[in-house]
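Data first, discussion second: the structure below is written as structure tokens.
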Amino acid sequence: MTTPEDVRSRLAEVLTRARDRSTALTDCVDDDDLATQHSPLMSPLVWDLAHIGNQEELWLVRDVGGREPVRCDIDELYDAFAHPRSTRPSLPLLNPAEARSYVAQVRDKAWDVLDRSPLRGCRLEEDGFAFAMIAQHEQQHDETMLATHQLRRGPSVLTASAAPRTTAVPRGEVVVPAGDFEMGTDTDPWALDNERPAHRVTLPAFAIDVAPVTNAQYLEFVADGGYRRPELWTARGWAHRVAAELDAPQFWVDDGAGSWWRRAFGAMEPLRDHQPVVHVCWFEAQAYARWAGKRLPTEAEWERAARWDPVSGRSRRFPWGDDEPTTEQANLGQRHLEPAEIGAYPAGASPLGVHQLIGDVWEWTSSDFLPYPGFSAFPYREYSEVFHGGDYKVLRGGSFGTDAVACRGTFRNWDHPVRRQIFAGFRCARDLEQDV
């Protein structure tokens, strides 16, 4: 049986891991770089840092802890809904030294709140939900800051070991039989509101690729004129391709001598055939799928392939079972600064033999971001509800830049279909009626 002290220890671990990562992502550049906006799509790194502290103050120090504010005068500056990212450099933001001091003060108070919390008795504190929510929020911003590092110009400032290679490359697809399964969760104590409630979903049989689409596979699409053939694209997708002058995934570079390279965190690297393609938008993924005679999976299909156990009939937390990810099962947590080659994590495959559903690259699905039946916003509308029904497509599975605390089989991410700076790839699916 898990005790409150077990939960408290786990919360201390995930909060510390998040802060260590935030520190590493901001200490590796100078103060001028921290305050620079490297893309209008992204905030200056120093804004993300102080925003992390402000959310922690709002929820843990003031709400759960009932303590006096540390800096109530900056709440509006770090309200993500009050200021679009493109305008944030013009705000009177905390400078790097002030931001670091602020987040440290907040964390000191948050530790005291954690020590005193019974971790039960009210929904916000039950099983440490509020503390886990803040750890997930910080890790989500850490992944956003990692994307900012990918967009910044200049020499590389991040280091990590190379992702695993493999000679056992999984190929083809698997058939997922028709039936129902439990989608979402009522039992995962740290699941966020859009993952709830659990509900039964019935699907016809379908086929899904055993691995994400690789660089080599995507290069065939490029070579076959995929970016010059409007019949492969939706009308809106083609208009975007033309307007944005898309001709390859973001950060790909054709050297003019028959080779492709990829810019990754300030370094140029030869394109590796068996890595999942990354930095493609939804429109590109959809066009490739049509070119391949397939389609993108729905998020229900993705989750059935990832969680459903055909032996027990139950839905697992992860493809391999209910235990937290290990380094043998998934490429998560910025352990590497790139996706691993497909087939590198056989221990993480689902019972049906589908590989790398967790980690490496976020996977675009065909689904719009909508609430589950019976959805209830908690603890605030701005996390999920305000995005429902907007121009967003669902992504699943996490990337090499996603921490395990913010990644599970039920976790839902979403973004605009034009976005490419995120660490997103995809896999394909298809209906089986065509085989009848």
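A few comments on the model shown:
- Under the shape rule built on the C-alpha gyration tensor, where the axes satisfy a ≥ b ≥ c, segment 230-366 is oblate, since a/c reaches at least 1.5 while a/b does not exceed b/c.
- Degrees separating the helix 96-116 axis from the principal Cα axis of the chain, which is the longest one: 80
- Amide H contacts of GLY359 (H built 1.01 Å from N, under 5 Å, at least 5 apart or other chain): GLY398, SER399
- Close amide H contacts of TRP308 (hydrogens built in the peptide plane, cut-off under 5 Å, sequence separation of 5 or more or a different chain): ARG316.
- Accessible area per residue, Å², the chain with all protein chains present, probe 1.4 Å: 40
- Taking the helices alone, the chain has a mean residue ellipticity at 222 nm of -9000 deg cm²/dmol, built from -39,500 (n - 2.57) per DSSP H run of at least 4 residues and averaged over all its residues.
- Local electrostatic count, HIS274, Cβ distance below 11 Å [Lys/Arg +1, Asp/Glu -1]: +1
- Selection from TRP364, LEU395, GLY348, by position along the positive dipole direction of segment 341-402 (Cβ): GLY348
- The calculated FRET efficiency for ALA244 paired with VAL157, based on their beta-carbon distance and R0 = 35 Å, is about 0.80.
- Only protein heavy atoms count here; on that basis, with a 1.4 Å probe, VAL278 has an accessible area of about 0 Å².
- Qualifying chymotrypsin sites (Phe, Trp or Tyr not before Pro) in segment 224-276, where qualification requires a DSSP coil assignment and no more than 10 other C-beta atoms within 10 Å, are lacking entirely.
- Across TRP111, TRP190, TRP364, the residue with the most accessible area heads the list, and the full order at a 1.4 Å probe is TRP111, TRP190, TRP364.
- Karplus-based coupling profile of segment 77-93, in residue order and whole Hz: 4, 10, 7, 4, 8, 7, 9, x, 4, 5, 9, 5, x, 7, 7, x, 6, with θ = phi - 60° in 6.51 cos²θ - 1.76 cosθ + 1.60 and x standing for Gly or Pro.
- Between the alpha-carbon centres of segment 19-41 and segment 256-301 there is a gap of 27 Å.
- Among ALA424, ALA223, ALA300, the residue with the largest mean-square fluctuation in a Gaussian network model of the chain, with springs joining Cα atoms closer than 10 Å, is ALA223.
- Seen from every direction in turn and averaged, the convex hull around the alpha carbons of the chain projects onto 21.3 nm².
- Neighbours of VAL418, meaning other residues whose beta-carbon lies under 11 angstrom from its beta-carbon, give a summed charge of +2 when Lys and Arg score +1 and Asp and Glu score -1.
- Taking TYR218, TYR380, TYR288 as the candidate residues, the one with maximal mean-square fluctuation in a Gaussian network model of the chain, Cα springs under 10 Å, is TYR380.
- Cα long-axis angle, helix 235-244 against the chain (0 to 90 degrees, to the nearest 10): 70
- Selected from GLY172, GLY256, GLY398 as most flexible by GNM, with the chain as the system and alpha-carbon contacts under 10 Å: GLY256
The values are calculated or read from the model by the stated rules, or taken from the named source; none is laboratory data. None of the values given here were measured: they were computed from a predicted structure. With ideal geometry, Cβ positions are generated from the backbone for all residues, glycine too; neighbour counts draw on all protein chains shown. Surface areas here come from the heavy atoms of the whole protein model, side chains and all, with no ligands, DNA or RNA. Shrake-Rupley method; radii C 1.70, N 1.55, O 1.52, S 1.80 Å.
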